[in-house]
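**Student:** Questions regarding the structure given below will be posed in turn.
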């Protein structure tokens, strides 16, 4: 088990650790369960830590990890939450760490991106800018409206998730989504990296052929009190994630009051005229940290040409 | 059932063709079956390897299959609308063509939805539509509308066929199974006045029901596209536009089918130039109506010149992209049929059939042009390094299944013609009834005055 770990994703690692912890509790700590008393201090169990070493942990400090929700719970949403994302366009230099982190966590094929970074230019006179785009988790989601079987649904915490065990693959949601957020599983998924746990719409893995997938705002991480992987992966703190009810967003190092941030920095919705009411806000690319050309550094020549061609309007 | 002389003659003409098959017929049939087998092979590959074998990718998620779906549902209008309207209007010349029209309807309403199934990623979860169906989704509207339409068309065809089934039941066939079959379906019809009255009433009701139902089916189909926020689709005239395009192509296919059967079964005495002329004029009027909708649709989006609408328009008008296809579909496919039919000197059975072929092809291309350019124009820039994600090219698998659908259409038509005379044998009595009714009413009025 240990020598395989190099390949494993962070997520799988967590589950391995959690399983080990549960196993330890159920075997060594039966006393705990049967007596239903507070565990005495001093008793320890061996656990596998995230960095791969065995550690002795006091049993009193062990609590069950929150697994990603299944079934009804995964459709209902995390109570009293209203997830929101703020993306600061002034900080993005197309480092693409959000993309690769997301692909790693969700075991996506190289070309399939649940968060994409576009090179945008609003008019010929204005400067181009990099534009990271996850799923907007709209409050009026056109994809949810058109789904014939309710495989994609809106939750109380604002998330729009896909249940790929119910999806019939009609792709209507993909034509209905105006933001190209959805990715179809055209062939049998490669299973090498996938966590060997049950599927949950909250983790979106393992994928299933002939169904639709998309950015899920990592609610499984939220249940553990962690940030989505695109947020933690970003070296420039571009993406802020938080809870509208608590009125706080953070990129891991800085935190802001959500309402103040979007108010003071003129936060806006992308294509607000479509009436979809996204839960992703953008801060305009003013006082930028990087010239947009810095974003080409990570790209191949071919990619550079491609990006340049695609932003210039021919007409 | 007692038959008049003319009906007996017709029956005697058709029955030998129903029970035998010529050598060239066997050859043609085996070619059709070959194409159908090709389709099944392609389907097998698609099921085993997944939809990766098609040209569809994340932007163009619907391709040839959906174009074929709209096309087949479109030509199903031949029977539903044409025969329904002709029946209600008591048009005398409809009798030799109405059966063919209704058969077209049923076959294409079966083949059309098969293409939706081909487009579905998870065929094994089809039952989810029943388990978790949501009435908010236009796909559920479509499922409901098309299944109702299919059932309605079958009832309509069946009612219009009962008289012939009764005549066939009484015909001295050699094979016993035919007797049993016709006896079962003829439901003891013997042509007495009471049965005839009920049958007429049923036919009237069904033809009145089938017309709005047919309109609804294609409207719902158009709404699948119209309800999305996509350039080129999000249009209020989409439903009537689709309906008109559908009747246009349906009439075209009906004319082609008449021509084929006339040649194949030597029906020159039944299907005459009059039928081609009348249907040609209907085709011309529908063509003009369709041209008007096309013009209105593209003029509006061009004049308003919203960014994304313009993107789609530029694709359609770009000679390197879709211009020649668009030119054929929206201009050649409409202007040529209208001109040829409009000028009496050009009007002949062959020329009307030829322009129908052009119109039907043009309409198929138009369906393709409705789906693909819009899907190739997402609102966010197409910055994907994978070329197949930017431009859609149908693969051999998709073409095989397309041809298999056309072959299946011909094959089922052939099967039908072996069980039923493709021209209705026993004429209903409603024509004379109405003449008499009019006479008696007139007499009463005269008496009173």
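**Student:** Restricting to bridges with both residues inside segment A:71-283, how much of the DSSP beta-bridge set is antiparallel, in percent to the nearest 5?
**Tutor:** Counting only bridges with both partners in segment A:71-283, antiparallel ones make up about 85 percent.
**Student:** Arrange the peptides B:298-311, B:100-113 so that the one whose residues have, on average, the most other Cβ atoms within 10 Å appears first.
**Tutor:** Numbers: B:298-311: 14.1, B:100-113: 24.1.
The peptides rank, most packed first, as B:100-113, B:298-311.
**Student:** When the C-alpha atoms of the protein assembly as shown are aligned to their principal axes, what extent does each axis show, in angstrom, from largest down?
**Tutor:** Cα spread of the protein assembly as shown along its principal axes, largest to smallest: 110, 69, 63 Å.
**Student:** Using mean Cβ contacts within 10 Å as the protection proxy, how do A:273-284, B:70-81, A:203-214, B:273-284 order, highest first?
**Tutor:** B:70-81, A:203-214, B:273-284, A:273-284
**Student:** At a threshold of 8 angstrom on Cα-Cα distance, excluding pairs fewer than six apart, so keeping six or more, what relative contact order does chain B reach in percent?
**Tutor:** 31 percent
**Student:** Would you please give the FRET efficiency between residue A:247 and residue B:187, computed as 1/(1 + (r/R0)^6) with r the Cβ-Cβ distance and R0 = 56 Å, to the nearest 0.05?
**Tutor:** In this case the efficiency is close to 0.15.
**Student:** Would you mind giving the mean number of other chain beta-carbons within 10 Å of the Cβ of each residue in B:114-127, as a whole number? Working shown, then result.
**Tutor:** Numbers: counts 0, 0, 1, 1, 0, 3, 5, 14, 12, 3, 3, 10, 1, 2.
Partner Cβ neighbours, averaged per residue: 4.
**Student:** Taking R0 as 56 Å, what FRET efficiency do you get between residue B:339 and residue A:46 from their Cβ-Cβ distance, rounded to the nearest 0.05? Show your work: numbers first, answer last.
**Tutor:** Values: r = 89 Å, r/R0 = 1.58.
Efficiency computed from Cβ-Cβ geometry: 0.05.
**Student:** Moving on. Residue B:403 label point, 7 Å along Cα→Cβ, cut-off 12 Å on backbone N: hits in segment B:247-273?
**Tutor:** The answer is none.
**Student:** Quick one: angle between helix B:273-304 and the longest Cα principal axis of chain B, in degrees between 0 and 90, rounded to 10, please.
**Tutor:** Helix B:273-304 and the main axis of chain B meet at about 30 degrees.
**Student:** Between residue B:272 and residue B:29, 0.36 nm times their residue separation minus their Cα-Cα distance comes to what?
**Tutor:** Result for the pair: 84.8 nm of gain on full extension.
**Student:** OK, next. Once you've got the GNM for chain B with C-alpha springs shorter than 10 Å, pick whichever of B:202, B:252, B:232 has the biggest mean-square fluctuation.
**Tutor:** B:202
**Student:** From the C-alpha gyration tensor of segment A:71-283, pull out the three semi-axes of the equivalent ellipsoid (sqrt of 5λ each), sorted largest to smallest, in whole Å. Mind showing how you got there, number by number?
**Tutor:** Working: eigenvalues 133, 72, 65 Å².
Taking √(5λ) for each Cα gyration eigenvalue gives 26, 19, 18 Å.
**Student:** Also, I was wondering about something else. Given R₀ = 35 Å, what would the calculated FRET efficiency be for residue A:75 paired with residue B:324, taking r from the Cβ atoms and rounding to 0.05? Let's see the in-between values first.
**Tutor:** Values: r = 49 Å, r/R0 = 1.41.
Plugging the Cβ-Cβ distance into 1/(1 + (r/R0)^6) gives 0.10.
**Student:** If we sort B:86-96, A:109-119 on the protection proxy, mean other Cβ atoms within 10 Å, highest first, what's the order?
**Tutor:** A:109-119, B:86-96
**Student:** Just subtract the alpha-carbon distance of residue B:123 and residue B:89 from 0.36 nm times their residue separation and send over the number in nm, one decimal.
**Tutor:** Numbers: separation 34, 0.36 × 34 = 12.24 nm, distance 4.28 nm.
Net length gain for the segment: 8.0 nm.
**Student:** In a GNM of chain B with a 10 Å cut-off on Cα contacts, which of B:44, B:182, B:65 has the highest mean-square fluctuation?
**Tutor:** Fluctuation is largest for B:44.
**Student:** Hey, what angle do you get for helix B:138-169 against the long axis of chain B, alpha-carbon based, 0 to 90 degrees rounded to 10?
**Tutor:** 20 degrees
**Student:** Continuing with the same structure: Before rounding to the nearest 500, sum -39500 (n - 2.57) across all DSSP H runs of length at least 4 in the protein assembly as shown and divide by the residue total; then give [θ] at 222 nm in deg cm²/dmol.
**Tutor:** Mean residue ellipticity, 222 nm, calculated: -17000 deg cm²/dmol.
**Student:** I'd like the orientation of helix B:307-317 relative to chain B: the angle between its Cα long axis and the longest Cα principal axis, in ° from 0 to 90, rounded to 10.
**Tutor:** On a 0 to 90 degree scale, this one is about 70.
**Student:** What is the spin-label model distance, in nm, from residue B:300 to residue B:236 if the labels are put 7 Å beyond Cα along the C-beta direction?
**Tutor:** Here the answer is 0.7 nm between the modelled labels.
**Student:** Can you give me the pair-distance distribution of chain B, C-alpha pairs, 20 Å bins, whole percents?
**Tutor:** 23, 54, 21, 2, 0
Coordinate-derived values only; no laboratory data. Everything quoted here is computed from the prediction, not taken from an experiment. Note that we place each Cβ from the backbone using ideal geometry, even for glycine, and neighbour counts take in every protein chain shown.
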